[in-house]
Amino acid sequence: MQLKHLNYLKLQLKKDSLIQIYELGCCYQFGIGIEVNAIKAFELYNKAAEIGHLESIPELESVINME
């Protein structure tokens with residue numbers, strides 16, 4: 001189920017769907033169905049924030065502070 005949802009989110013990334021871009025960032029940040037990748041999470045949160053997803057902005061800071 002997680003892999004199917006992850007593939008769906010990746011497809012939506014090409015369509016600039018801000019909620020799905022944010023959700024994919026969460027997957028990369030927390031390792032949901034994919035290996036943790038702070039750089040990719042930051043890029044996705046940043047993209048979502050740039051197109052108007054306000055909840056992405058605080059997540060940018062949390063990813064920067066990831067150890």
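When the stretch 37-67 is filtered for residues that are in contact (Cβ under 8 Å) with a residue 12 or more places away in the chain and within 21 Å of residue 4 (Cβ to Cβ), the ones remaining, listed by number, are 40, 41, 44. Please tell me if residue 47 is at pLDDT below 95 and out of contact with any helix residue (DSSP H, G or I) (no Cβ under 9 Å at 6 or more places or on another chain). Here the answer is no, as residue 47 does not meet what is asked. Filtered by the rule that a residue be modelled with pLDDT under 90 and in a loop (DSSP other than H, G, I, E, B), the stretch 1-33 gives 1, 14, 15, 16, 17, 33.
The values are calculated or read from the model by the stated rules, or taken from the named source; none is laboratory data. Just so we're clear, the structure is a prediction, and the values are computed from it rather than from any experiment. For neighbour counting, all protein chains shown are included, and Cβ atoms are generated from backbone atoms with ideal geometry for every residue, glycine included.
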